[in-house]
Amino acid sequence: MLIKRNNLLWVTGLLYSSYFYGFWKHVKISQLQENEQRFLRGKNRAPVEMLEKLPSTTVAETQQTSAPASIEMDQGTDRLHTFYYPWYRNINYDGYWMHWNHEHLEHWDEHVRKQYPKFQHDPNLNDIGSSYYPALGPYSSADPTIMEAHMRQLRSAMIGVIVVSWLPAHHSANERIDQVILPLLNTAHRFGLEVCLHLEPYVGRTATSVASDVTEAIERFTTHSAYYRLNQKPVFYAYDSYQIPSHEWSNAFQHLSSKVYLIALVLTERHLQEYVLRGPFDAAYSYFGATGFTPAATPSNWNSLVARANAAHKQFIPCVSPGYDDLRVRPWNGQNKRERQDGKYYDDYWRAAIASKATLVAITSFNEFHEGTQIEEVQPGSSISIHRQGIAPYDDYGQNQPSTFYLDRTKIWASEFLLKN
């Protein structure tokens, strides 16, 4: 990919790979687009009756049956967000696998692609598309018991806002993601947590189509008492917003700008200027968990980005991450792997975020297992017997470290963040 930066052509496979770094999020090559859409739908199609387990409903219909009052636990803070992925399905609860059985994504360069034959993970053999094995097993995001377990973990870490990936049901087979939003809102409400939507890309996405999606979400979700608001407006993170020209966003959202708080993904300071400081967005975020992957994801740049945003009465939200390892879905992407270093990588990210004087911090991620950025509890790697030849043992959070290691560290850093910022 060619990226103009300070009037130079910045040519790098590193940033070219950002076109699909966020897993099914931004595909520009038709072959990859076809592959990723197929696996967003799931390799094993679910029977229609399975999808009917989670009917499409409205807030009014579900809040009438919301569970009882908030459960008392450690107080979360709405200044600490985390990205949450509701796309996992398993054979026991749903009748099919989704995402845990991910295939290897193909490299864009034919010569590299030939070095990596086609491959698909098989959870039935304890082989999943992640270098880590969740403590809850390869779960279903639609399972209410899993939602509750996740909320307990989130509360224990003082996280207050869950940024949930969402695509409207009318895009492909994304009803499987769409239909868990209201149950998540209800469950979050019980635990005193808040939820907002992470607007994911899809084929044919435009600023106008996203405006239509947001209008739908306002009608269906944002009246829920657990939906997160800033400046009294419902919040939406917009993944890959930089791939659509800023003026198109301005035109599409001219009637919505007073109704929503919109956060743009930026890669560079120029993006911050174009989309936030001079554009229609209220704030920016960095997302990526591999430091150095983009200028905005590089902690040494955060002081400047936060200061520039604050000067314009906007916000830059630095995103901290415990590491990055997507080799079980992109086996050719070793250059972007970031070792966790027994927590040091995460600690360094947090120190930079606090030093930047940012008002909000987001964690990449709670459960993006494919990219190895999760802080969710995992099982010791040596405890999992993989019944398939050629599959390396799973990683974990360090010898003799508890499964809650990164949740515990998050709580420590959240307390420090609130004290200093």
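The values are calculated or read from the model by the stated rules, or taken from the named source; none is laboratory data. Source: prediction; values computed, not measured. We place every Cβ from the backbone using ideal geometry, glycine too, and count neighbours over all the protein chains shown. All accessible areas refer to the heavy atoms of the entire protein, side chains included, with ligands and DNA or RNA removed. Shrake-Rupley method; radii C 1.70, N 1.55, O 1.52, S 1.80 Å.
If you go through the stretch 297-324 and keep only what is assigned to a loop (DSSP other than H, G, I, E, B), more than 18 Å from ILE263 (Cβ to Cβ) and either open to solvent by less than 10 Å² (accessible area, probe 1.4 Å) or among the basic types (Lys, Arg) (or both), you end up with PRO322, GLY323.
Selection of first residues in the stretch 110-128 that are of a type in the set (Asp, Glu) and of second residues that are in a loop (DSSP other than H, G, I, E, B), restricted to Cβ pairs under 7 Å at least 6 apart or on distinct chains, gives the following pairs, ordered by first then second residue: ASP122/ASN101; ASP122/ARG388; ASP127/HIS121; ASP127/ILE386; ASP127/ARG388; ASP127/ILE391. The set of residues in the stretch 165-207 being at pLDDT 95 or above, among the aliphatic types (A, V, I, L, M) and outside any loop (DSSP other than H, G, I, E, B) consists of ILE181, LEU182, LEU184, LEU185, ALA188, VAL195, LEU197, LEU199, ALA207. Condition first: on the phi < 0 side of the Ramachandran plot, surrounded by fewer than 21 Cβ atoms within 10 Å (Cβ to Cβ) and either in contact (Cβ under 8 Å) with a residue 40 or more places away in the chain or in contact with a strand residue (DSSP E or B) (Cβ under 8 Å, 6 or more places away or on another chain) (or both). Now tell me which residues in the stretch 230-244 satisfy that. Matches in the stretch 230-244: LEU230, LYS233, GLN243. Is it the case that the stretch 379-395 has a residue that's open to solvent by less than 60 Å² (accessible area, probe 1.4 Å) and either of a type in the set (Asp, Glu) or at positive phi (or both)? No, the stretch 379-395 contains no residue that is open to solvent by less than 60 Å² (accessible area, probe 1.4 Å) and either of a type in the set (Asp, Glu) or at positive phi (or both). Contact map, the stretch 192-212: residues that are on the phi > 0 side of the Ramachandran plot paired with residues that are open to solvent by 10 Å² or more (accessible area, probe 1.4 Å) and hydrophobic (A, V, I, L, M, F, W, C), Cβ distance under 8 Å, separation 6+ or inter-chain. Pairs shown: GLY192/ILE71; GLY192/MET73.
The condition of being farther than 17 Å from PHE316 by Cβ, assigned to a loop (DSSP other than H, G, I, E, B) and modelled with pLDDT of 95 or more does not hold for LEU267. Any idea which of THR294, THR268 is open to solvent by 10 Å² or more (accessible area, probe 1.4 Å), touching a residue at least 24 places away in the same chain (Cβ under 8 Å), hydroxyl-bearing (Ser, Thr, Tyr) and farther than 16 Å from VAL361 by Cα? Of the residues listed, the single one that is open to solvent by 10 Å² or more (accessible area, probe 1.4 Å), touching a residue at least 24 places away in the same chain (Cβ under 8 Å), hydroxyl-bearing (Ser, Thr, Tyr) and farther than 16 Å from VAL361 by Cα is THR268.
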